[in-house]
1. For a bin width of 10 Å, list the pair-distance distribution of the chain built from all Cα-Cα distances, rounded to whole %.
2. Hey, can you rank 55-62, 200-207, 124-131, 146-153 by average C-beta count inside 10 Å, highest first?
3. Using 7 Å Cα-to-Cβ label points, what is the Asp160/Gln56 separation (nm, one decimal)?
4. With the cut-off at 1.5 for a/c, could you classify segment 1-137 from its C-alpha gyration tensor as rounded, prolate or oblate?
5. Just check segment 119-245 against the gyration tensor rule for me: Cα atoms, a ≥ b ≥ c as the square roots of the eigenvalues, rounded for a/c under 1.5, and otherwise prolate or oblate depending on whether a/b exceeds b/c.
6. Between Asn211 and Thr134, with labels modelled 7 Å along Cα→Cβ, what's the label distance in nm to one decimal, could you check?
7. Using a 1.4 Å probe on the protein chains only, how many percent of the accessible area of segment 49-169 belongs to carbon and sulfur?
8. List residues of segment 198-212, by number, whose backbone nitrogen lies under 19 Å from a label position 7 Å along Cα→C-beta of Asn17.
Amino acid sequence: MNGELKELLHECDTLKNKLSGLRPLPAESLKKIEEALAIEYTYESNRIEGNTLTLQETALVVNEGVTIAGKSMREHLETINHIEAIGYIKDFAKSDIDISERTIKEIHALVLHGIDRENAGRYRNVPVMISGSTHMPPQPYLLDKLMEDFMMKFHEKEQDHEHPVLTAAYLHDELVRIHPFIDGNGRTSRLLMNLYLLRNGYTIVNLKGDNEDKISYYKALEASHTGNRPLDFRKLVAQAEISSLERYLSILGYSATN
């Protein structure tokens, strides 16, 4: 394993263990923190995909059901749907149900709920292109076999006890590469990654949607998909998990360095 990546994973585990040592956390305090973080995650994940709601507007839509003037119905639905999907992955992470193709379709159905009834929770039956990428997603007739192989490889990684952060990165990376849905692949992939992280005691990775971070994110995926170089993406996810854990500890009043 790459030395830098190994150090990042070690840092993830150190911080995770520190957070675990603080549990159980006060339920009321935890609820407020997680609600605020869920809104931030929804804002950033939707921003990556071009949603123009601000963080404050996202909070108003979620918490108060406000309709924001000048913003599309789709942008409002994307916000509400994403919060619902976060609730779903949190509940799922606590269960003993295996992650499967059905899980992925259920996440996707939440992401596109009320936006695209025909395609929500269903694999695409048409070819697609990814804007700004040279990667060509596979033809629709290959999807069933590719998704089956994807799940098989995921379960092999679990059996081999691969580091959970690497497996989470794989779930995101490979699902985007296969691009099984006509729309909503990015959000679904990030939610699937975070479901796996939550299940393994880590915190939600919040990949940022500002231009600089988005470019780094897309470049890392492109290197993996067109050059078979997944290292940059693995490091990006590990670094984001470190940032997430440090943020969580900071909110709780603990320094990550102590």
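The values are calculated or read from the model by the stated rules, or taken from the named source; none is laboratory data. A quick note: this is a predicted structure, and the numbers were derived from the prediction, not measured. Quick reminder, even Gly has a Cβ in these numbers, built from the backbone with ideal geometry, and neighbours come from all protein chains shown. When the accessible area is computed, the model is the full protein with side chains, heavy atoms only, and any ligands, DNA or RNA have been set aside. Shrake-Rupley method; radii C 1.70, N 1.55, O 1.52, S 1.80 Å.
1. Histogramming the chain at 10 Å steps yields 7, 30, 38, 21, 4, 0 percent.
2. Working: 55-62: 18.2, 200-207: 20.5, 124-131: 12.4, 146-153: 15.2.
Final packing ranking: 200-207, 55-62, 146-153, 124-131.
3. 4.9 nm
4. Details: a/c = 1.65, a/b = 1.21, b/c = 1.36.
Verdict is oblate for segment 1-137.
5. Details: a/c = 1.66, a/b = 1.23, b/c = 1.35.
Oblate, since a/c reaches 1.5 and b/c is not below a/b.
6. About 2.4 nm, to one decimal.
7. On the way: 3580 of 6900 Å².
Reported share for carbon and sulfur atoms: 52 percent.
8. 200-203
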